[in-house]
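A short write-up of the structure that comes next.
Values quoted throughout were computed directly from the atomic coordinates according to the rules given, and no laboratory measurement underlies them. Treat the numbers as computed from the prediction; the structure is a model and nothing was measured. We place every Cβ from the backbone using ideal geometry, glycine too, and count neighbours over all the protein chains shown.
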Amino acid sequence: MITIDKVTSFLRQNKDNKFIQYRLNGSNIKIDDICTYDDFKKIKPITRKDLAELTKDIKVFADFFDLCPIKIFESPGPIYNLLFESYYQYRFYKGLEYSSFGHCDIVVNTFSYHLTPAGEMFDEAVRKIGASVIPLGPSSSSKCAEVIKNTGATAFIGTKTFLKKVLEELGEKNSLLKSYLIAEKITDDERNYLSNKYDIEIYQGYGTAEAGLIATECQYKTGMHVDNEIFVEILNPENGDLLGENEVGEAYVTILNKNYPLIRYATGDLVSYTLEKCSCDREDMRILGVFGRVDSSVKVKGVFIHEWSLTEFANSYGVSIKLEISNDENNNDILSLHINKDVKGLDLAFKEKFKLRVNNINVNNDINKTEIIENRTYLKKR
């Protein structure tokens with residue numbers, strides 16, 4: 001587990017890094033003044049909204065770093081993500097190593113390879129561990145099931161919702177032995193049901209497009225082990241105080257990567273943690289779950305919708321929108337748009353903007369402001 005001493009040592013070793021200098025200058029603090037955690041906390045956190053602003057001019061943002069990016073991705077916001085090195089920037093190969101993925105597995109990767117980084121993150125992770133990857137990307141569940149049957153694929157990477165649909169398509173013809181899920185929470189009840197019905201091991205990880213892997217489960221599935229290249233703070237969203245074990249707070253992450261040093265990144269995710277020794281004998285911090293968002297944004301099927309982005313969208317159509325996210329009895333997400341006047345084609349425009357399909361649109365003349373309403377009940381469960 002990374003200590004604050006290792007963090008301060010990293011900052012000193014990389015004091016000439018222009019992005020680190022930018023972050024320290026913005027906080028009016030000098031590198032030599034950072035000796036303790038209290039000193040470190042004086043560095044202002046950086047948020048997704050901050051990154052969206054910073055990356056509006058990609059040439060200026062790229063100039064903070066010594067290397068030329070291998071690839072430039074776009075995440076909802078939009079935020080432009082720069083990839084400087086394969087394997088070691090995103091580090092999701094560690095997540096697969098912690099699970100039962102291994103050499104010569106045939107892995108179907110259902111994350112998108114177009115613009116967003118998720119497909120690349122897991123493509124390189126699969127290749128790093130010596131397995132074979134099927135770069136499926138987004139498709140119908142029937143097409144995915146067909147590919148799995150034809151190739152004898154043994155492993156799946158994607159979201160909980162899509163895995164459920166694919167397993168239903170496969171039925172007794174399922175050849176999948178294991179799956180690695182991210183971007184969407186799976187409860188213990190859901191995991192047990194799918195594992196028992198389809199005889200498949202299900203692992204989940206936690207990460208973001210900006211930070212890569214943050215934490216991942218081992219074979220015991222009693223929490224997600226924080227990656228050993230990341231320093232994590234769990235803070236009270238109201239006063240910024242450090243929280244103890246099993247208390248729910250916002251996760252801040254610092255990545256000790258000299259090519260892309262992300263310092264005090266405020267994820268906006270509400271999590272809890274434990275320091276108890278795991279049955280696998282590792283003694284690092286474990287994230288016990290992600291229980292929602294601290295801000296007015298939501299994450300649906302791996303896609304962020306920020307209130308400021310939704311407001312821009314609503315204003316462009318001269319409408320007020322109340323976006324409600326709920327779930328059905330099977331914990332499938334339901335997106336409903338409540339709007340103050342009818343706008344033709346708004347559902348298609350929403351899908352184009354946010355890459356998500358709207359389930360319902362309701363007109364209510366009493367709506368007078370744009371907001372996001374989070375009503376998913378399963379987020380509160382382990």
Practice task
Among 158, 132, 177, flag the residue with its Cα farthest along the positive direction of the charge dipole of segment 127-191, charges on Cβ as +1 for Lys/Arg and -1 for Asp/Glu.
Solution key: 132
Problem - HN-Hα J in Hz across segment 53-60 - Karplus 6.51, -1.76, 1.60, θ = phi - 60°, x for Gly and Pro - result: 5, 4, 8, 4, 10, 5, 5, 5
Exercise for the section: Starting at the first residue of segment 211-228, write each ³J(HN,Hα) from the Karplus equation 6.51 cos²θ - 1.76 cosθ + 1.60 with θ = phi - 60°, in whole Hz, x for Gly and Pro. Expected result: 9, x, 5, 10, 7, 8, 7, 9, 5, 8, 6, 10, x, 9, 5, 5, 4, 7
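Under 8 Å for C-alpha pairs, at least 6 residues apart: give me the relative contact order for segment 121-172, rounded to a whole percent. Mind showing how you got there, number by number?
Working: 21 pairs, mean separation 18.1, N = 52.
So the answer I get is 35 percent.
Within the set 322/353; 56/258; 71/277; 165/353; 71/128, which residue pairs have Cα atoms separated by over 27 Å? Walk me through the intermediate numbers first.
On the way: 322/353 16 Å; 56/258 23 Å; 71/277 38 Å; 165/353 25 Å; 71/128 18 Å.
Going by Cα-Cα distance, 71/277 fall outside the 27 Å limit.
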Problem - Selection from 337, 306, 368 lying farthest towards where the dipole of segment 299-380 points positive, charges on Cβ - result: 306
Exercise for the section: Can you tell me the dipole magnitude for segment 236-307 around its Cα centre, using point charges on the Cβ only (Lys, Arg +1; Asp, Glu -1), in Debye to the nearest 20? Expected result: 420 debye
Handout entry: Karplus-derived 3J(HN,Hα), 6.51/-1.76/1.60, for each residue of segment 257-265, Hz, glycine and proline x
Key = 10, 5, 7, 8, x, 8, 9, 6, 7
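Residue separation times 0.36 nm, minus the C-alpha to C-alpha distance between residue 50 and residue 192: what's the value? Let's see the in-between values first.
Values: separation 142, 0.36 × 142 = 51.12 nm, distance 3.91 nm.
Net length gain for the segment: 47.2 nm.
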Fill in the blank from the handout: One finds the C-alpha centres of segment 1-57 and segment 204-254 to be spaced, in Å, by 18 Å
Exercise for the section: Add +1 for every Lys or Arg and -1 for every Asp or Glu among the other residues with Cβ under 15 Å from the Cβ of residue 282, and state the total. Expected result: -4
Handout entry: Stretch gain in nm, segment residue 326-residue 38, where the contour uses 0.36 nm per residue and the Cα spacing is subtracted
Key = 99.7 nm
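Would you work out the charge dipole size for the chain about its Cα centre, treating the Cβ of every Lys and Arg as +1 and the Cβ of every Asp and Glu as -1, and quote it to the nearest 20 debye?
Values: 49 positive and 56 negative charges, 135 e Å.
Using only the charged Cβ atoms, the result is roughly 640 debye.
In percent, how large is the relative contact order of the chain, given Cα pairs closer than 8 Å and 6 or more residues apart?
Values: 753 pairs, mean separation 47.1, N = 382.
Relative contact order, the chain: 12 percent.
Determine the sum of side-chain charges near residue 69: Lys and Arg each +1, Asp and Glu each -1, restricted to other residues whose C-beta is under 14 angstrom from that of residue 69.
Working: positive: 59, 71; negative: 63, 66, 74, 85, 120, 210.
Cβ neighbours under 14 Å give a net charge of -4.
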Exercise for the section: With only Lys, Arg, Asp and Glu charged, each at its Cβ (+1 for the first two, -1 for the last two), find how big the charge dipole of segment 100-186 is about the Cα centre; round to the nearest 20 debye. Expected result: 140 debye
Handout entry: Residues listed by number, segment 262-302, amide nitrogen under 18 Å from residue 85 label point at 7 Å toward C-beta
Key = 262-263
Completion exercise
Mean separation of Cα contacts under 8 Å (at least 6 apart) over the residue count of segment 240-296, i.e. the relative contact order in percent, is 31 percent
